[in-house]
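Participant: The structure's right below; bear with me while I get my questions together.
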Amino acid sequence: MSKKQFNINPFDLSHKYKPIYSNKKLPQFSITGGWSDGGKWNNEGVSFSITQKLNTKKFSNENTNIENGTKFELNSKKYGIKATAQQIQNEFIVLKGSSARETWVAKDISSSYAKLHKELIKTGVLITQGSKRIFSTDYAFKSPSAAASAVTGRSSNGRIEWKVEKQNTTYHEWDEKRLSMQS
């Protein structure tokens, strides 16, 4: 079976959009159609799937040794939460098994962090365990503050909330020291 090279003009596509729901209930869309090949219409085997992109993502450590980086912790004895995270490249990853507040407790329920917290629950990243939530997988956030907010159930300054594991050094202090050593 040989592969044929061709250029597809998007205006030649005859397509329809059909919603698909996976077991995690994330909206997906399927586009099917065909193309014009030298005046003949061909619709064999053309299919695309587009999944709605979340503003955060599950982290896959297949190509990264997650064990070698500096670990950070966010603890609250009052609420019984303990979370562990690592910065890998430009992502702040909260590690599987970390605990978080069960609900968003702040008044600002329309904030982006409140929506993120709700989304993590809806997609099964944060699962209920007793009176708190547990991260079911390693999860990459765009910032330490986004991660801290998901853990604490309120808007949080992650640069201050996260501390180097077993130390009293904040993420901010650690980051400043790291950057000064690079220059």
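Participant: Test of understanding: ordering Tyr113, Tyr171 by Cβ neighbours within 10 Å, fewest first, what list do you get?
Facilitator: Working: Tyr113 21, Tyr171 25.
Ranking Tyr113, Tyr171 by Cβ neighbours within 10 Å, fewest first, gives Tyr113, Tyr171.
Participant: May I pose another question? Can you list residues whose amide H is under 5 Å from Ile88's amide H, if they're 5+ apart or on another chain and H is modeled 1.01 Å from N?
Facilitator: Ile93
Participant: Which of His117, His172 comes first, and how do the rest follow, when ranked by fewest Cβ neighbours within 10 Å?
Facilitator: Ranked by crowding around the Cβ, least crowded first: His172, His117.
Participant: Cut-off is 10 Å between beta-carbons; in what order do Leu120, Leu126 appear when sorted fewest neighbours first?
Facilitator: Leu120, Leu126
Participant: Any chance you could run the full-extension gain for Val105 through Asn75? It's 0.36 nm times the residue separation minus the Cα-Cα distance, nm to one decimal. Present the calculation step by step, with values, prior to reporting the outcome.
Facilitator: On the way: separation 30, 0.36 × 30 = 10.80 nm, distance 1.67 nm.
Residue separation times 0.36 nm, minus the Cα-Cα distance, leaves 9.1 nm.
Participant: Shifting gears a bit: Does the range 58-182 come out rounded, prolate or oblate by the C-alpha gyration tensor, with a ≥ b ≥ c the root eigenvalues, rounded set by a/c under 1.5 and, if not, prolate when a/b is larger than b/c and oblate if not?
Facilitator: Prolate, since a/c reaches 1.5 and a/b exceeds b/c.
Participant: Let me ask you something else. Using a simple spin-label model with points 7 Å from Cα along the Cα→Cβ vector, what separation in nm is obtained for Val164 and Asn90?
Facilitator: In this crude label model, Val164 to Asn90 measures out at 2.5 nm.
Participant: How long is the gain from Ser183 to Ser143 if the chain were fully straight, where each residue apart is worth 0.36 nm and the alpha carbon distance is subtracted?
Facilitator: Net length gain for the segment: 12.2 nm.
No lab work stands behind these numbers, since they all come straight from the coordinates. This structure is a prediction, so every number in the text was calculated from the model and none was measured. Cβ atoms come from the backbone with ideal geometry, glycine included; neighbour counts cover every protein chain shown.
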